[in-house]
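The values are calculated or read from the model by the stated rules, or taken from the named source; none is laboratory data. Everything numeric here is computed off the predicted structure, so don't read it as measured data. All Cβ positions, glycine included, derive from the backbone under ideal geometry; neighbour counts span all protein chains shown. Quick note on the areas: whole protein, heavy atoms, side chains included, nothing else; ligands and nucleic acids left out. Shrake-Rupley method; radii C 1.70, N 1.55, O 1.52, S 1.80 Å.
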Amino acid sequence: MVSTVTMHVRLGAAQQLFVTLIAAMFLAGVTPVISQQSPSDLVPRVDTLWTRLTIKDDIMSYEACDVGGSPKVMLTIGRWYAVRDLIKILAIDPNSGDTIQSFESGHRYDRYYQGENITGLRFASRANVFITSEYGLIKVWRWPEMTVVREFTIPKGQPTGGVLTSDGLRLFTMHGYMFDVETGDTLWHVHGGELEPQSTNVNVSISADDRFVLTVRSSWRTNIDMAYVLDASTGTILGSYGNYSGGRKITSADLSDDGRYVAVSIPPTDQNYPAKSSGVCVVYDRSVDKVKRAWYLNGDRNDGSVVNFGPNASGIILHRVADSIPGGYYFYNLNSDSPSVRWAWGFFSGRTSPDYEYQFDCEKGSAIWLGRVDWTTVSAVDNQHLDNHPKLQPHPVDDVLRLSDLDHEDGLLNAEISNAGSELIIRTSVAIAQGSCTLHVTSLPPGTYSLRLTNDQRVIASMLFSKR
């Protein structure tokens, strides 16, 4: 049976806070200022492994790409010169940039829908399954067999694209349907209701544990966009986040791997529509039902056009275009107003593989590249600005991690430690005595990890730490 979910907007205390935040900036004419560092202090740290141009492959353009699978591979969709409407998929070694295989996709480039026909390629985060999408059609493939296991037709006029669950067994589409990949059945779908009936072209996201999905929908009546977090099993709406000022569009949104944070970016308006006004990028903490941090955008209409979370949701990667700062991609730690790193435009896009090992993209269809980012230097650990101010010692840690000043006096807590790819490494119970506890982490290899302490009702502490 197909369940239908109708969207209703309920403004709780946290949403009212968001309304106040947006209204104060947009309606009161306030132009907030981001605390900024000198550009010389923001050291780009990206190792570009390779680039290749369309001339190398004798093609007209690279249409889409992604990195995933095991063994890991980059797949890219290319449109060939020899047969203008022929679309091929190239399998590329991520370390060398060499072509491993080339396949005909069965897609055809429809010149009547140029610019929206070939809309994407996306891997499941932990399975050898990926999707390709063209106008009105999504294909589900197996890698490395390169066989199509399922096709889904998307209604005319709806955006075409989606995201697979980590195991590749379910597909959530941009027009609000959750499908079973093995059977082709519709599991549930979202009915827009009166306020937000329309899908948008903002990509959908899913948490690493497949529990939550994020979708952005728009009202034709008010022109307001809203981001929704849904229960991935039922489609039940768990929260709505966005812009209540009217007439403003969400151009990018992301869900952290653990489903705790939602990032929503609303760029500034163009100078001529009808008058220039600032934008905002807001990160919302679902675990405590409040805004975690907001960065105000005062550049052109592309300022804040891309936002993605970094590893362990330690910060966001935000595309900036403003007169006050050099253009590029900035990393903002969630515990700081100022950026810690800027990557200049060129071979950086803010897109990463699910485990954050690689960053990559196509350059306006004419080039494709892949590189690595040293996240241990980008998302520097900063434990002194956490909301509940727990203390972590020593840091970096060798064998035993000691935590104190926890907002929990006595009893047992659940402890979870995950790596930079949000893969759960340790799950255990810890005894809290007078707000303190110890954790043995000898078995962990060197690296950066996230630690979460929870009880049955709430998150007690969430922080990053480094293991030597």
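Among the residues of segment 296-308, write down those that are open to solvent by less than 10 Å² (accessible area, probe 1.4 Å), modelled with pLDDT of 85 or more and either outside any loop (DSSP other than H, G, I, E, B) or closer than 14 Å to Asp254 by Cα (or both).
Matches in segment 296-308: Gly304, Val307.
Might you check whether a residue that is more than 24 Å from Leu214 (Cβ to Cβ) and either at pLDDT 80 or above or surrounded by 23 or more Cβ atoms within 10 Å (Cβ to Cβ) (or both) occurs anywhere in segment 165-177?
No; the residues of segment 165-177 include none that is more than 24 Å from Leu214 (Cβ to Cβ) and either at pLDDT 80 or above or surrounded by 23 or more Cβ atoms within 10 Å (Cβ to Cβ) (or both).
Is one or more of the residues making up segment 351-360 at pLDDT below 75 and either hydroxyl-bearing (Ser, Thr, Tyr) or over 30 Å from Val288 (Cβ atoms) (or both)?
no
Give the number of residues within segment 248-293 that are among the β-branched types (Val, Ile, Thr), part of a strand (DSSP E or B) and either open to solvent by less than 10 Å² (accessible area, probe 1.4 Å) or at pLDDT below 85 (or both).
Of all residues in segment 248-293, those among the β-branched types (Val, Ile, Thr) come to 250-251, 262, 264, 266, 269, 280, 282-283, 288, 291.
In the following step, the residues that additionally are part of a strand (DSSP E or B) were identified as 262, 264, 266, 280, 282-283, 291.
Next cut, either open to solvent by less than 10 Å² (accessible area, probe 1.4 Å) or at pLDDT below 85 (or both) only: 262, 264, 266, 280, 282-283.
Counting residues in segment 248-293 that are among the β-branched types (Val, Ile, Thr), part of a strand (DSSP E or B) and either open to solvent by less than 10 Å² (accessible area, probe 1.4 Å) or at pLDDT below 85 (or both) gives 6.
Could you tell me which of the residues His408, His395 is touching a residue at least 60 places away in the same chain (Cβ under 8 Å) and in a loop (DSSP other than H, G, I, E, B)?
From the options His408, His395, the qualifying one is His395.
Taking Arg372, is it open to solvent by 50 Å² or more (accessible area, probe 1.4 Å) and either of a type outside the set (Phe, Trp, Tyr) or assigned to a strand (DSSP E or B) (or both)?
yes
Taking segment 76-85 on its own, how many of its residues are farther than 13 Å from Glu134 by Cβ, open to solvent by less than 50 Å² (accessible area, probe 1.4 Å) and modelled with pLDDT under 90?
Count: 2.
For residues that are part of a loop (DSSP other than H, G, I, E, B) and buried (at least 17 other Cβ atoms within 10 Å of the Cβ), scanning just segment 178-194, find the one that is modelled with the highest pLDDT.
Val181
Yes or no: segment 345-358 includes at least one residue that is farther than 20 Å from Ile250 by Cα and part of a strand (DSSP E or B).
Yes, that holds for at least one residue.
If a residue must be of a type outside the set (Phe, Trp, Tyr) and buried (at least 22 other Cβ atoms within 10 Å of the Cβ), how many such residues does segment 311-333 contain?
So the answer is 11.
Collect the residues in segment 157-166 that are touching a Ser or Thr at 6+ places or on another chain (Cβ under 9 Å) and not β-branched (Val, Ile, Thr), keeping them in residue-number order. Steps first, answer last, please.
First, pick out the residues of segment 157-166 that are touching a Ser or Thr at 6+ places or on another chain (Cβ under 9 Å): 158-166.
Result: Gln158, Pro159, Gly161, Gly162, Leu164, Ser166.
Every residue in segment 51-67 that is over 13 Å from Trp369 (Cα atoms) and aliphatic (A, V, I, L, M), please.
Ile55, Ile59, Met60
Results for (1) part of a loop (DSSP other than H, G, I, E, B); (2) crowded, with 18+ Cβ neighbours inside 10 Å; (3) modelled with pLDDT of 90 or more, shown as yes or no for each residue.
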position: Gly120; (1), (2), (3): no, yes, no
position: Arg126; (1), (2), (3): yes, yes, yes
position: Ile138; (1), (2), (3): no, yes, yes
position: Trp141; (1), (2), (3): no, yes, yes
position: Pro144; (1), (2), (3): yes, no, yes
position: Glu151; (1), (2), (3): no, no, yes
position: Pro155; (1), (2), (3): yes, no, no
position: Val163; (1), (2), (3): no, yes, yes
